[in-house]
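Participant: The structure that follows is given in the form of structure tokens.
The values are calculated or read from the model by the stated rules, or taken from the named source; none is laboratory data. None of these values were measured; they are calculated from a predicted model. Neighbour counts are summed over all protein chains in view; Cβ atoms, including those assigned to glycine, are modelled from backbone coordinates with ideal geometry. Ligands, DNA and RNA are stripped out before the accessible areas are found, and what is left, the full protein with its side chains, is counted by its heavy atoms. Shrake-Rupley method; radii C 1.70, N 1.55, O 1.52, S 1.80 Å.
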Amino acid sequence: MAELKVIKTAAEEGLAEAFAGARAHLPGAASVKSLRENAFRTFELKGLPHRRVEEWKYTDLRALMRDAKPLAPLPDAAAKLKAKSASAFASAAKARRIVIVDGVFAADLSDLAGLEPGLSIGSLAEALSQGEADVVERLGRRAPLADDPAFALNTAMMSDGAVILAADGVKVERPIHLVFVTTSIKPVSVFTRSLVSVGKGSSLSIIESHESADGIDNQANHAIDVAIADDGRLDHVKIGREGDRALHVASLVAEIGKNAHFNDFTFTAGGAVTRNQIAMSLNGSDTHAAVRGASLLKARQHADNTLVMDHAVGHCESRELFKAVLDDESRSVFQGKIIVQPHAQKTDAKMATHALLLSEDAEADAKPELEIFADDVVCGHGATAGALDDDLLFYLKARGIPQKEAEALMVEAFIGEAVEAVENEVVREALMDLARAWLKARG
């Protein structure tokens, strides 16, 4: 019987060549190398995800990613000089700035002095090279997105990232700002993995921003692995402001303990193609998780927010709210799934997505889902898409407010409902400033 021949795309072939060339130089001892090999086999079996893969139905990465860009070289002095001026969020929020340049942890650009007792911040590559048992064990466990081809590819190719550990009982008041900067003037690809561990009864706030220049079709595959112990708290804000030709795939996996809190917010205003995928498992009772986001899209931008919230035990609460503003021929995607396991009684979960279309050529796709295997729960979901309210617009114009200004006020109010959930007031206002700048540029 003749064997079926799997035809690889140019991008898949390029990724295979990149892994073959880099595998000997990627950090980690034998156990990590074995983890990488297994992960790449998972990717090879599945290939780049496409529209026939349900979780990637609206973001056909096989079609969108025509080739694989070469791996970014180690950052030189010029690259680090560029990275110094990246993002003003750290100073605005008085945050501790941790910089990853072209996929490499840059200790010399990072604020590592005077860490709070019980807090440690370091390089993933260094931890893997030194064989730190906790880090290796963490990477080796079966993560919620282990079978996802993009996440598997990240596991195989991860070069560096940040390892942030807060010991039990540590209250870190100062936010930590992870600044991911791609500086190359030629198209490159980067693969980073960061680990965040919040100990029992500890609290931590993280801002994560991604930046690159316009006009360069870079490719990025980032992943953050979060673990929150019992009674812990993590506030996480991600800001995507990459160049207008960038392809950005990001994965966040989180395992949350008893009576813990996780507040997550994703803001997308850059990049040509963005895919933010989040998988959370609520493993302890009386846990609260809030996952929210806002996207501001124009031209032919494509932004996909895909979420899976797994209520593994009872007496937990989750809230999801995603909003998108679309202009020109842009496209937003929201796929949200809430899973309530058989023993997760008394679950309270609500999910909503709303899209505001400023152009007849824009498109918003929404697929909220509930999988409920328990009977004593309160769950719901909703999705809307539409244009600006003509009556309200007329009301504002009748009071002397010009058309564009009236539209901007309405859009700002629409986005503000999602942004107001961000705990840090300075970051919240900075996000609204980004929204106002986007509206102003719209003309």
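Listed here are the residues, each with its yes/no results for (1) within 22 Å of VAL226 (Cβ to Cβ); (2) at pLDDT below 95; (3) small (Gly, Ala, Ser).
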site	(1), (2), (3)
ALA290	yes, no, yes
GLY293	yes, no, yes
LEU297	no, no, no
GLU317	yes, no, no
LEU321	yes, no, no
ALA324	no, no, yes
VAL333	no, no, no
ILE339	yes, no, no
PRO342	no, no, no
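Participant: Yes or no: the stretch 237-250 includes at least one residue that is modelled with pLDDT of 95 or more and in contact with a Phe, Trp or Tyr (Cβ under 6 Å, 6 or more places away or on another chain).
Facilitator: Taking every residue of the stretch 237-250 in turn, at least one turns out to be modelled with pLDDT of 95 or more and in contact with a Phe, Trp or Tyr (Cβ under 6 Å, 6 or more places away or on another chain).
Participant: Run ALA421 past the list (1) of a type in the set (Gly, Ala, Ser); (2) open to solvent by less than 60 Å² (accessible area, probe 1.4 Å); (3) at pLDDT 95 or above and report the number of the one that doesn't hold.
Facilitator: (3)
Participant: Taking LEU204 as meeting all but one of (1) crowded, with 24+ Cβ neighbours inside 10 Å; (2) among the aliphatic types (A, V, I, L, M); (3) closer than 21 Å to LEU26 by Cα, write down the number of the exception.
Facilitator: (3)
Participant: Inside the stretch 45-67, can you point out the residues that are among the charged types (D, E, K, R), open to solvent by less than 90 Å² (accessible area, probe 1.4 Å) and under 15 Å from GLU13 (Cβ atoms)?
Facilitator: If the condition is that a residue be among the charged types (D, E, K, R), open to solvent by less than 90 Å² (accessible area, probe 1.4 Å) and under 15 Å from GLU13 (Cβ atoms), then ARG62, ASP67 are the ones that fit.
Participant: Go through the stretch 10-59 and give me each residue that's in contact with a Lys or Arg (Cβ under 6 Å, 6 or more places away or on another chain) and β-branched (Val, Ile, Thr).
Facilitator: THR59
Participant: Turning to a different aspect of this structure: Which of the residues spanning the stretch 372-404 are outside any loop (DSSP other than H, G, I, E, B), surrounded by 13 or more Cβ atoms within 10 Å (Cβ to Cβ) and of a type outside the set (Gly, Ala, Ser)?
Facilitator: Matches in the stretch 372-404: ILE372, CYS379, HIS381, LEU392, LEU393, LEU396, LYS397.
Participant: Identify, please: which residue in the stretch 207-223 is among the aliphatic types (A, V, I, L, M) and in contact (Cβ under 8 Å) with a residue 60 or more places away in the chain and is, among those, surrounded by the fewest Cβ atoms within 10 Å (Cβ to Cβ)?
Facilitator: That would be ALA223.
Participant: Here's another thing I want to ask about it. Read through the list (1) aliphatic (A, V, I, L, M); (2) farther than 21 Å from ARG233 by Cβ; (3) open to solvent by 50 Å² or more (accessible area, probe 1.4 Å), then give the number of the only condition that LEU115 fails.
Facilitator: Here LEU115 meets the rest and fails (2).
Participant: Select from the stretch 247-283 the residues that are of a type in the set (S, T, N, Q) and in contact with a Ser or Thr (Cβ under 7 Å, 6 or more places away or on another chain) and write down the one among them that is nearest to ILE228 (Cα to Cα). Full working, then the answer.
Facilitator: Here is the first cut: in the stretch 247-283, the ones of a type in the set (S, T, N, Q) are 251, 259, 263, 266, 268, 274, 276-277, 281, 283.
Now restrict to residues that are in contact with a Ser or Thr (Cβ under 7 Å, 6 or more places away or on another chain): 259, 268, 274, 276-277.
On the way: ASN259: 10, THR268: 25, THR274: 26, ASN276: 20, GLN277: 19 Å.
Only one residue tops the list, namely ASN259.
Participant: Can you find a residue that is more than 18 Å from VAL196 (Cα to Cα) and open to solvent by less than 20 Å² (accessible area, probe 1.4 Å) anywhere in the stretch 92-100?
Facilitator: Among the residues of the stretch 92-100, at least one is more than 18 Å from VAL196 (Cα to Cα) and open to solvent by less than 20 Å² (accessible area, probe 1.4 Å), which makes the answer yes.
Participant: If THR306 satisfies all but one of (1) of a type outside the set (A, V, I, L, M); (2) closer than 16 Å to SER332 by Cβ; (3) crowded, with 24+ Cβ neighbours inside 10 Å, what's the number of the condition it fails?
Facilitator: Single failed check for THR306: (3).
Participant: Does the stretch 429-442 include one or more residues that are assigned to a strand (DSSP E or B), surrounded by 15 or more Cβ atoms within 10 Å (Cβ to Cβ), charged (D, E, K, R) and in contact (Cβ under 8 Å) with a residue 60 or more places away in the chain?
Facilitator: Quick first cut of the stretch 429-442, residues assigned to a strand (DSSP E or B) only: none.
No, that holds for no residue.
Participant: Pick from the stretch 274-313 the residues that are over 18 Å from the mean Cα position of the chain (by Cα) and assigned to a strand (DSSP E or B): which of them is farthest from MET65 (Cα to Cα)?
Facilitator: Among those that are over 18 Å from the mean Cα position of the chain (by Cα) and assigned to a strand (DSSP E or B), it is HIS288.
Participant: Consider the stretch 314-334. How many of its residues are closer than 18 Å to GLY271 by Cβ, assigned to a strand (DSSP E or B) and in contact with a Ser or Thr (Cβ under 8 Å, 6 or more places away or on another chain)?
Facilitator: Of the residues in the stretch 314-334, 8 are closer than 18 Å to GLY271 by Cβ, assigned to a strand (DSSP E or B) and in contact with a Ser or Thr (Cβ under 8 Å, 6 or more places away or on another chain).
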